[in-house]
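Undergrad: One structure, as C-alpha cells, below. Some questions next.
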Amino acid sequence: ILAVKPQVMAALLDEVRPEVNPRKLFISIAAGFPLRRLEAGLGGQARVVRVMPNTPVLVGRGISVAVAGSKATPADLKQTLKLFKAVGEAVSITGEDLLDAVTAVSGSGPAFVYSFAEAVIEGGVRGGLPQPLAAQLAYATIGGAAAMLSESGLSPRELRDMVTSPGGTTLAGLGALDAHHFREALIAAVETATRRARELAAA
Ligand SMILES: NC(=O)c1ccc[n+]([C@@H]2O[C@H](COP(=O)([O-])OP(=O)(O)OC[C@H]3O[C@@H](n4cnc5c(N)ncnc54)[C@H](OP(=O)(O)O)[C@@H]3O)[C@@H](O)[C@H]2O)c1
C-alpha cells in the first residue's frame, strides 16, 4: 500500500520499482496521483489499484472508492475492497476521472459536515445552551440523521418532509437556510473542490 504524500510518490516509486513482480499488487491512496503515472513509475507491468479513502476510516466509518489499473485483475479489485472494508464501506468504480468528484464528496465532505456542526453549535449557544450540551446535541443529531439516511430507505427530501410541519419550527429554519442560499453554497463547495482536485491531478 503506497500511502505517502503525492509530492513524494515519484521518488517512492523509483525506490519500490525493483520490488515489482507478477505476484504483487500495489495499492495507492495518494490523492491526485493518476494510475498512468503509478503504472509508469513502477515500470509498466505492475498490477495497480488506486483508492480514495476518507478520514473517518480512523474510526472504522470511512468510505473508500477503488479504480483498477490496466494490469489489475478482478481478483485484485476484490482483494482491495476486502482490505478497505476493514475500515468502513468500500466500492469500486470504472472511470478514474470520476475520482475528482469522489474526492470532493467523500474526501472533503467530512470537512463540510464539520463546518455544519460548528455553525449549528454556535446557533444553539446563541439560544442559551451550554457549549458542551449544544455539541452533544449536534453530534448525536448528525449521527442520527446519517443513520436515517442510510437505513430508512427514504430520500433526503422525504426525510426532511417528515420533520417539517406547516407553520412549524423546522419550516421556519429551512426558510432561513433558503434565504442564505445554503443549498447553492454546498453545491458550490462540492463543485469547487472537484475542480481543485482536477487541477492538482493535472499539475
Ligand atoms: N486524509 C485523507 O482523507 C486522505 C484521503 C485520501 C487520500 N489521502 C492520501 O493519503 C496519503 C497519506 O496522507 P497523510 O496525510 O497520511 O500523509 P503523512 O501523514 O505525511 O504520512 C505519510 C507517510 O509516508 C511515510 N513516508 C514518507 N516518505 C516515505 C518514503 N520515502 N518511504 C516510505 N515511507 C515514507 C511517512 O513516514 P514518516 O512519518 O516516518 O516520514 C508517513 O508515515 C496522501 O497521499 C494523501 O493524499 C488522504
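Undergrad: Just give me the residues in the range 57-106 being under 18 Å from ALA146 (Cβ atoms) and more than 16 Å from the ligand (Cβ to nearest atom), in sequence order.
TA: Correct list: empty.
Undergrad: Mind checking whether some residue in the range 49-56 is more than 11 Å from the ligand (Cβ to nearest atom), at pLDDT 95 or above and not assigned by TED's automatic domain parsing to the domain that holds ILE142? Walk me through it before giving the result.
TA: Applying the first criterion (more than 11 Å from the ligand (Cβ to nearest atom)) to the range 49-56 yields 49.
After this cut, where a residue has to be at pLDDT 95 or above as well, the list is 49.
Restricting the remaining residues to those that are not assigned by TED's automatic domain parsing to the domain that holds ILE142 gives 49.
Yes, that holds for at least one residue.
Undergrad: Additional query: Here is a check on your reading of the model: is TYR139 open to solvent by 90 Å² or more (accessible area, probe 1.4 Å), out of contact with any helix residue (DSSP H, G or I) (no Cβ under 6 Å at 6 or more places or on another chain) and in contact (Cβ under 8 Å) with a residue 12 or more places away in the chain?
TA: It is true that TYR139 is open to solvent by 90 Å² or more (accessible area, probe 1.4 Å), out of contact with any helix residue (DSSP H, G or I) (no Cβ under 6 Å at 6 or more places or on another chain) and in contact (Cβ under 8 Å) with a residue 12 or more places away in the chain.
Undergrad: Can you pull out every residue in the range 13-33 that is within 10 Å of the ligand (Cβ to nearest atom), part of a loop (DSSP other than H, G, I, E, B) and modelled with pLDDT of 95 or more?
TA: ILE29
Undergrad: Residues to consider are GLY168, GLY153, GLY175, GLY144; find the one that is at positive phi and exposed (fewer than 13 other Cβ atoms within 10 Å of the Cβ).
TA: So the residue among GLY168, GLY153, GLY175, GLY144 that is at positive phi and exposed (fewer than 13 other Cβ atoms within 10 Å of the Cβ) is GLY153.
Undergrad: Read through the list (1) within 19 Å of ILE93 (Cβ to Cβ); (2) more than 16 Å from the ligand (Cβ to nearest atom), then give the number of the only condition that GLY43 fails.
TA: Among (1) within 19 Å of ILE93 (Cβ to Cβ); (2) more than 16 Å from the ligand (Cβ to nearest atom), the lone unmet condition for GLY43 is (1).
The values are calculated or read from the model by the stated rules, or taken from the named source; none is laboratory data. Please read all numbers here as calculations on a predicted model, not as lab measurements. Because the Cβ atoms are built from the backbone with ideal geometry, glycine has one as well, and the counts that use them run over all protein chains shown. These area figures cover heavy atoms from the full protein model, side chains too; ligands, DNA and RNA do not enter into them. Shrake-Rupley method; radii C 1.70, N 1.55, O 1.52, S 1.80 Å.
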